[in-house]
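Have a look at the structure below before the remarks.
The values are calculated or read from the model by the stated rules, or taken from the named source; none is laboratory data. Note that this is a predicted model, so its numbers are computed, not measured. In this analysis, Cβ positions are derived from the backbone assuming ideal geometry, glycine residues included, and neighbour counts consider all displayed protein chains. Quick note on the areas: whole protein, heavy atoms, side chains included, nothing else; ligands and nucleic acids left out. Shrake-Rupley method; radii C 1.70, N 1.55, O 1.52, S 1.80 Å.
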Amino acid sequence: MSYPIRRLGESLITLFLVSVVVFAGVRALPGDTATALAGEEPTPEAIAQIRESYGLDDNIVVQYVRYVRHAATGDLGVSSRTGLPVLDSVMEALPVTLELSALALLLAVVVGVGAGVVAAVRRGRPEEWLVNAVALLGLSVPAFWLGIVLVLAFAIAVPVFAASGFVPFGVDPMENLRHMVLPVIVLGSGLAAVVMRQTRAAMLGSLSADYVRTARAKGLSRRQVIMGHALRNSLVTVVTVLGLQLGHLISGAVVTEQIFVLPGFGKLTIDAVFSRDYAMVQGVVLFTSTAYILVNLLVDLAYSVIDPRIRLGGAQ
């Protein structure tokens with residue numbers, strides 16, 4: 001069985017298990033779902049009608065099959081808080097979180113990989129000490145504290161960037177970037193520190209490998225040795241870290257969006273939890289988990305492009 005097909009099968013199994021956990025987890029929350037949906041001071045008749053309309057009196061297996069069938073067609077239910085389809089609310093919040101996460105990821109890759117290469121190449125020198133100190137600071141500072149400090153410094157004391165809110169890129173690109181710079185720094189700084197440390201460790205191992213010594217013996221330039229041989233073979237580690245850190249990126253987005261009042265997945269999730277909007281919580285968690293599984297599948301497939309030995313080994 002080929003490596004991509006095997007990984008796709010494993011991802012589908014994981015997605016099935018996630019759907020079971022999400023379905024069971026929402027129903028394990030304290031309180032009765034029908035009572036929560038009925039609002040304040042519900043009558044027994046209203047509760048009974050809700051239980052009938054939502055099929056809550058059916059067997060749990062029947063409810064799960066119906067839930068999967070609807071989710072497969074894009075029907076994630078209706079929000080009890082807004083009365084709108086969950087999928088519509090998710091798609092409305094998705095561009096905000098996607099832009100925030102993509103820019104934070106870009107910042108982490110550019111800064112983290114670049115700093116990691118510098119720290120490895122300039123090992124034992126002031127450049128490495130400076131990069132390590134900054135990385136340690138990025139790992140140690142809490143996101144909410146960094147966000148508050150950046151707002152005080154660059155949105156209030158020196159009003160260069162916006163402190164809160166969101167402007168779509170299609171409406172005003174400059175205002176969009178002005179609102180996104182501080183959230184991106186808050187979300188991407190910690191990830192950049194992780195990427196930097198992993199890149200440095202991988203590069204140190206590559207620079208001492210036999211193939212790098214062979215490349216130097218052939219007369220290749222320092223740049224060709226570092227960028228074409230050492231860095232490429234270190235990218236497997238970097239890609240692995242980025243895939244594993246997606247969960248951190250999602251959870252960090254929740255905090256960041258609350259700090260800067262961005263109408264993304266984080267705010268949508270928090271509002272749903274506090275209003276006991278079970279359909280919204282279930283839909284957001286399922287959508288996020290599916291995206292996480294998909295990204296990790298793409299990361300695994302990227303391994304076989306970066307390092308063909310993985311593809312050949314998986315095909316055996």
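Cα centroid distance between segment 201-226 and segment 73-117, in Å? Result: 39 Å between the Cα centres. Axis angle, to the nearest 10 degrees, between helix 86-121 and the longest C-alpha principal axis of the chain: 20 degrees. To the nearest ten degrees, helix 265-274 and the longest principal axis of the Cα atoms of the chain are 40 degrees apart.
Computed from phi, the 3J(HN,Hα) profile of segment 183-197 under the Karplus parametrisation 6.51, -1.76, 1.60 (θ = phi - 60°) reads x, 5, 5, 4, 6, x, 5, x, 5, 4, 5, 5, 4, 4, 5 Hz, with x in place of Gly and Pro. Nonpolar atom fraction for segment 90-264, defined as the carbon and sulfur part of the 1.4 Å probe accessible area, stands at 69 percent.
So how do 130-143, 109-122 stack up, highest first, on mean other-Cβ count within 10 Å?
Values: 130-143: 15.5, 109-122: 20.4.
So the peptides 130-143, 109-122, ranked by packing, come out 109-122, 130-143.
Among the chymotrypsin sites (Phe, Trp or Tyr not before Pro) in segment 101-182, those located in a DSSP loop and surrounded by at most 15 other Cβ atoms within 10 Å of their own Cβ are Phe169.
Could you give the angle, 0 to 90 degrees to the nearest 10, between helix 44-53's Cα long axis and the longest principal axis of the Cα atoms of the chain? The answer is roughly 50 degrees. 3J(HN,Hα) along segment 155-162, derived from phi through the Karplus expression 6.51 cos²θ - 1.76 cosθ + 1.60 where θ = phi - 60°, amounts to 10, 10, 5, 10, x, 8, 10, 7 Hz, with x in place of Gly and Pro. Here is the size of segment 176-277 from its Cα atoms: Rg then Dmax, 19.9, 66 Å. Look at the dipole of segment 90-264 built from charges on Cβ: of Leu94, Leu207, Trp129, the Cα furthest out on the positive end belongs to Leu207.
What accessible area per residue comes out for segment 90-264, rounded to a whole number of Å², with a 1.4 Å probe?
Working: 8860 Å² over 175 residues.
Ligands and nucleic acids excluded, the result is 51 Å² per residue.
If contacts are Cα pairs under 8 angstrom and at least 6 residues apart, what is the relative contact order of the chain in percent? The partial results should precede the final answer.
Numbers: 345 pairs, mean separation 84.6, N = 316.
Reported relative contact order: 27 percent.
Under the convention that each Lys and Arg Cβ holds +1 and each Asp and Glu Cβ holds -1, the size of the dipole of the chain around its Cα centre is about 2240 debye.
Any chance you could list P(r) for segment 1-126, counting all Cα-Cα pairs in 10 angstrom bins from zero, rounded to whole %? The calculated distribution, bin by bin, is 10, 23, 26, 18, 12, 7, 3, 0. Between Tyr67, Tyr278, Tyr292, the Gaussian network model of the chain with springs among Cα atoms under 10 angstrom shows the greatest mean-square fluctuation at Tyr67. Projecting the Cα atoms of Ile156, Leu146, Gln198 onto the charge dipole of segment 90-264 (Cβ charges, centred on the Cα centre) puts Gln198 farthest toward the positive pole. Collect residues whose amide H, placed 1.01 Å from N in the peptide plane, falls under 5 Å from the amide H of Arg123; neighbours closer than 5 in sequence don't count. Close amide H contacts, sequence-distant or interchain: none at all.
In this structure the amide hydrogen of Val78, modeled in the peptide plane, comes within under 5 Å of the amide hydrogens of Val86, none closer than 5 places in sequence on its chain. Dipole magnitude for segment 90-264: about 1180 debye, using +1 per Lys or Arg Cβ and -1 per Asp or Glu Cβ, origin at the Cα centre. Here, segment 216-274 is characterised by an Rg to Rh ratio of 1.39, where Rg is the alpha-carbon radius of gyration and Rh the Kirkwood radius. Note on the chain: GNM, Cα springs under 10 Å; of Val160, Val299, Val281, the largest mean-square fluctuation is that of Val160. Dividing the Cα radius of gyration of the chain by its Kirkwood radius returns 1.06 for Rg/Rh.
Quick one: Karplus J couplings for segment 62-69, per residue in order, coefficients 6.51, -1.76, 1.60, θ = phi - 60°, nearest Hz, x for Gly and Pro? The phi angles translate into 4, 5, 5, 4, 5, 4, 5, 4 Hz.
If contacts are Cα pairs under 8 angstrom and at least 6 residues apart, what is the relative contact order of segment 90-264 in percent?
Values: 202 pairs, mean separation 62.0, N = 175.
Result for segment 90-264 is 35 percent.
Ranked by the mean number of other Cβ atoms within 10 Å per residue, highest first, peptides 15-27, 258-270, 179-191 order as 179-191, 258-270, 15-27. For segment 52-151, a crude dipole built from +1 on the beta carbon of Lys and Arg and -1 on the beta carbon of Asp and Glu, taken about the Cα centre, is about 600 debye to the nearest 20.
Dividing the convex hull volume of the alpha carbon atoms of segment 90-264 by its residue count gives 133 Å³ per residue.
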